[in-house]
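See below for the structure under consideration.
The values are calculated or read from the model by the stated rules, or taken from the named source; none is laboratory data. In this text the structure is predicted, and so the values were computed from the model without any measurement. With ideal geometry, Cβ positions are generated from the backbone for all residues, glycine too; neighbour counts draw on all protein chains shown. Remember, those area values only see protein heavy atoms, side chains included, never the ligands or the DNA or RNA. Shrake-Rupley method; radii C 1.70, N 1.55, O 1.52, S 1.80 Å.
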Amino acid sequence: MIRSSSRRAPHSPNDAGAVLVAVVVVVMLLGFLVASTIAASVVFTVQANTANRSSTQAFISAESGRDTAYALLTAGVSADRKSFTCDTTSWNSTNASPVQFQYSIYWTPSDVAPSSHEDSGLSQTCPPVSEKLGYFVINSIGTDAQGARAEIDSIYRWEHAEKMYAGGVLAYFAGGVTSTVSNYTGDLVVRSGDYTCANEGTINGDLYVTNGSVNLSRDCTVNGSIWAHENVNGASQLVKVTGEVRAAGNITFTSNGSVLGKAPPTPVGSGNLLAGGSIDLTNTGATDGRVYGNVSATGSINVGSKWVVSGSQTTAAPSPVFDPTLAFIKSVTSWIDLDETSSWNVAPVSACTKTSAEIISLLSTGPTTPIALDYRGCSSVSTDITLTGPSSVALNKDVVFLAPAGKRMNLTLNTGLTGGKQLVFLHADANRALTDGETSPTCGNGSQKDTIDIASGANVSGAKIMIYTPCGLTGNVRASFTGQLYSNDTGSVMFGNGASYTCATMSWPDAFKKLGCKVRGESDDAVIVTQMEYSLSDRTRQVER
C-alpha cells in the first residue's frame, strides 16, 4: 500500500526577526505621523495665539483711546454741570510702548443716533453752546508692534437740558383737606385724598392734588393753576382760576359768573383747560362764563351757550402732561419726623414753671443765640403754651418750643410779635420709623388734635411762626400770621375776622432744611430747583472693526 504524506517546509531562523522589524517600522511611522500632527497643531496654535494676542492688544489699545477721549469729555463738564469746555477733538498717543492709539471726536445735533463716525451730518467739532441735544461719536484706532489694527466707534448721547431737583419741602397736607383759610398765600400740595375750597376761599398760589380730585365752592378763587390727579369740579357760581386747569380725569364748570384765565395780555397757559377725560362747561344761572385759553380733552368737549371760549377746542387730544410729575411733587411734601432728638443745636431750658411773662422776657432779652424751651418733663396733663400780655414783643432770638409726644399741645397767642425771628411750636412725633417706605406723622396722645388760638388783637405777623403737629390742629385764628402750618390735618382750624395765612420760607439747621412755599418758579421760596445742565450719557452703542 502506498501512503501519501504532506510536510511543511521548515521555517528559516530569520523569519521571526523580520516580522518584528516590520512591526517596529510600522509603529515608528505611526508615531512620526502623530508627532508631526501634534507639532503642526502646536505650531498653528502658537501662531494663532500670537495673532490673537496681537489683535487683542490692538483692541485694548483702541479701547484705551476711547476711554481717554470719554474722560476728556466728562472732565469738561463742571462739578455743578452748569458749564462745559472742550479743547481738542483728536489726539495721537506718544507712549514709548509699541501699543499706540489715536482718536477723533465727532459731533452731530441729530436726534437720531449715528451708526459710525462716517455718517452724514457728523463734524469733528465740539457742540455749539446753543445746542441742547445731540450725539458724540468717538472713533478710536489701536495698533501693536506686529502691525495688528483695531477700530471702534462709540456713540454717546449729549444733553444740555433742564434738570429738576428737590431743593426743599412744602407743608404736608393729606387725607381729604378742606380749606377754611379765607386768604392763603403759597402753593398748596395735597398728598392724598380730595381738596375742597370753602365758600369765598382764596388761594394765592398753585394748587396740586397728587392723588385725588378738586372741588371748588361758591366764589372760590385760585390765583394760580390747578393740577389734579383725578377730576376738577367747579359746579358752583363765581369760581375763578387765573392760571391753567390740568386734570388726568374730567373737568366740569358751570357758567354763572365763573372766569378761567385772564383777559389778554396774559401769561402763556392762562385759562387753558386740559383733561385726560371729558370737559363739560354747563349753563347755570343768569350770567355767562368765560374761558380765556384753549380747551383740550382726550374725551368729549361740551360748551354750553352761556360760555365764551377765546381759544381753540380740541378733542381726542393726548392726556395732559404733568412736568414735574405729580409723584415728584408729592415727594417734596414728604413728612419730616421731628422731635427733641432732632439736631436743634441748642441747650434745652425747662419751661415747666415759667409764667408767660418770664417766657416773653426770655424771647426778647439776653443773648441772641437760639434757645429751646422744654416742656417734656412737665407734670401737667397737657402742654399749655401761652404768650400773652404786652401789646408788642420785639423778639431777639429764634426759639423752638419742645412739647412731648404723649400730651396734647394747646397754643395761645395774644400779643404782638416783631423782630422777624422764628418761633417753632413743636409737638414731637411719636415714631420716626418709616411707614410703607416713607416717613409719616405719628400722634402719641391718643389722636387728640392740638389746639390753636390766635386772638384778634394779636399782631403776630412780625415773626415767622411754625406750628408742627403729627396730631392735627383745631381752633380759631382771628389774626393774620406768617410762617408754616405743618400738620397732617388742618381741616378744623377756622380763620375769622379777615385773618389770612401767608406761607414763609423757614429753616433750622440742622433739624430741617428749607421749608418753602412754591413748587415751581424762580423765587427763593421754590422748592423744586430747575437749572440748565450739561450731561454725557453712558455709551449707547459701539461698532467694532
Residue hits (the range 457-478; farther than 18 Å from A403 by Cβ and open to solvent by 10 Å² or more (accessible area, probe 1.4 Å)) are G457, N459, S461, G462, K464, N476, R478
How many of the residues making up the range 431-455 are open to solvent by 50 Å² or more (accessible area, probe 1.4 Å) and touching a residue at least 12 places away in the same chain (Cβ under 8 Å)? 7
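Residues are listed down the side, and each one gets a yes or a no for (1) on the phi < 0 side of the Ramachandran plot; (2) touching a residue at least 40 places away in the same chain (Cβ under 8 Å); (3) touching a Pro at 6+ places or on another chain (Cβ under 8 Å):
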| residue | (1), (2), (3) |
| --- | --- |
| A317 | yes, yes, no |
| P324 | yes, yes, no |
| W344 | yes, yes, yes |
| E358 | yes, no, no |
| T369 | yes, no, no |
| G389 | no, no, no |
| V393 | yes, no, no |
| T412 | yes, yes, no |
Of the conditions (1) part of a strand (DSSP E or B); (2) open to solvent by less than 30 Å² (accessible area, probe 1.4 Å), the single one that S342 does not satisfy is (1)
Quick one: which strands (runs of 3 or more DSSP E) sit completely within the range 384-472 and have at least 3 residues that are closer than 18 Å to W344 by Cβ? 399-403, 422-427, 464-469
Mind checking whether some residue in the range 170-183 is part of a loop (DSSP other than H, G, I, E, B), modelled with pLDDT of 85 or more and small (G, A, S)? no
Report, by residue number, each residue of the range 345-355 that is open to solvent by 70 Å² or more (accessible area, probe 1.4 Å) and either in a strand (DSSP E or B) or small (G, A, S) (or both). A347, P348, S350
Only one residue in T287, T196, T254 is open to solvent by 20 Å² or more (accessible area, probe 1.4 Å), over 26 Å from C503 (Cα atoms) and of a type in the set (V, I, T). Which one? T287
Which condition number does L536 fail, the rest of (1) modelled with pLDDT of 85 or more; (2) touching a helix residue (DSSP H, G or I) at 6+ places or on another chain (Cβ under 6 Å); (3) not hydroxyl-bearing (S, T, Y) being met? (1)
Of a type in the set (A, V, I, L, M, F, W, C) and open to solvent by 20 Å² or more (accessible area, probe 1.4 Å): is that true of L515 in this structure? no
Can you give me the number of residues within the range 494-523 that are out of contact with any Gly (no Cβ under 8 Å at 6 or more places or on another chain) and outside any strand (DSSP E or B)? 13
The lone exception for I467 - which of (1) at pLDDT 85 or above; (2) closer than 21 Å to A166 by Cα it fails: (2)
The range 309-324 - residue that is surrounded by fewer than 17 Cβ atoms within 10 Å (Cβ to Cβ) and of a type in the set (A, V, I, L, M, F, W, C) and, of those, nearest to G277 (Cα to Cα): A316
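Taking G406 as the residue in question, decide whether it is open to solvent by 40 Å² or more (accessible area, probe 1.4 Å) and at positive phi.
Numbers: open to solvent by 40 Å² or more (accessible area, probe 1.4 Å): yes; at positive phi: no.
When the stated conditions are applied, G406 does not pass them.
Look through A286, A263, A198, A297 and report the one residue that is at negative phi and either touching a Phe, Trp or Tyr at 6+ places or on another chain (Cβ under 8 Å) or charged (D, E, K, R) (or both).
On the way: A286 fails: either touching a Phe, Trp or Tyr at 6+ places or on another chain (Cβ under 8 Å) or charged (D, E, K, R) (or both); A198 fails: either touching a Phe, Trp or Tyr at 6+ places or on another chain (Cβ under 8 Å) or charged (D, E, K, R) (or both); A297 fails: either touching a Phe, Trp or Tyr at 6+ places or on another chain (Cβ under 8 Å) or charged (D, E, K, R) (or both).
None of the other options fit; the residue is A263.
Every residue, every condition in (1) farther than 30 Å from F136 by Cα; (2) at pLDDT 70 or above; (3) loosely packed, with under 10 Cβ neighbours inside 10 Å; (4) not hydrophobic (A, V, I, L, M, F, W, C), yes or no:
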residue	(1), (2), (3), (4)
T37	yes, no, no, yes
V43	yes, no, no, no
Q47	yes, no, no, yes
S54	no, yes, no, yes
A58	no, yes, no, no
D67	no, yes, no, yes
A71	no, yes, no, no
D80	no, yes, yes, yes
C86	no, yes, no, no
